[in-house]
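The structure under discussion appears below in the form of structure tokens.
FYI, it's all coordinate maths here, none of it is from the lab. Quantities reported herein were computed from a predicted structural model and do not represent experimental measurements. Here Cβ is always computed from backbone atoms with ideal geometry, including for glycine, and neighbour counts include all displayed protein chains.
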Amino acid sequence: MSEGPRVSEEEATRQAWQLQGALSELTRTADAKASFALAIESATLAAMAALANSRHGLGQVSGSLPRAALWTGVALLGLSAVMAVLAVLPRHGREGRTRAHHPDDLVFYGHIRHLTPAELADGLRGHRPLPALSRQLVAMSRILWVKQRLVRQSLLTAVAGGALVAVAALTG
């Protein structure tokens, strides 16, 4: 870590809340991108299914290499859709299934849901949010990293699958 001047806990907490807001927005963006990817990939698969049943479409692809390209492309498009779905699935792991291990964990709704209103009010009165926020920021960052990677892989896999289907359609 840096050797710069230390900030107060209040300032560090303010910065942590700002970072939490930024991570929340980035998570929403990643989920929106995954939803977009899934819509495009699903529409492409549906269009390919419709073309497979036509006399002039993908159903008429012949030759072993064009057929291999077609089915590999279809498989890649299906895989890309699965990755998009995985990107938007909630990721809490075991967090929130039970009461928090730390009494200050009043940031994650999965922990708060185990409290009574009176327990929550008492916890908020004596709450030091920085430790809980720090744990939450690390957890959110790990989740966001996985989401972003899955969205990227989904889109790249869809492009590769679409390219193979196009090659099959043009050569078969």
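Quick rundown of the values:
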quantity: P(r) of the chain over all Cα-Cα pairs, binned every 5 Å from zero, in whole percent; calculated: 1, 8, 13, 13, 11, 10, 9, 8, 7, 6, 5, 4, 3, 2, 0
quantity: FRET efficiency for ASP122 and GLN20, using Cβ-Cβ distance with R0 set to 22 Å, rounded to 0.05; calculated: 0.45
quantity: For a label point 7 Å along the Cα-to-beta-carbon line of ARG113, residues of segment 144-165 with backbone N under 17 Å; calculated: none
quantity: Karplus-derived 3J(HN,Hα), 6.51/-1.76/1.60, for each residue of segment 48-55, Hz, glycine and proline x; calculated: 5, 5, 5, 5, 5, 8, 8, 6
quantity: Efficiency of FRET between ALA47 and ARG6 - r from beta-carbon atoms, R0 45 angstrom, step 0.05; calculated: 0.15
quantity: Fully extended contour minus Cα-Cα distance, from VAL146 to VAL85, at 0.36 nm per residue; calculated: 20.7 nm
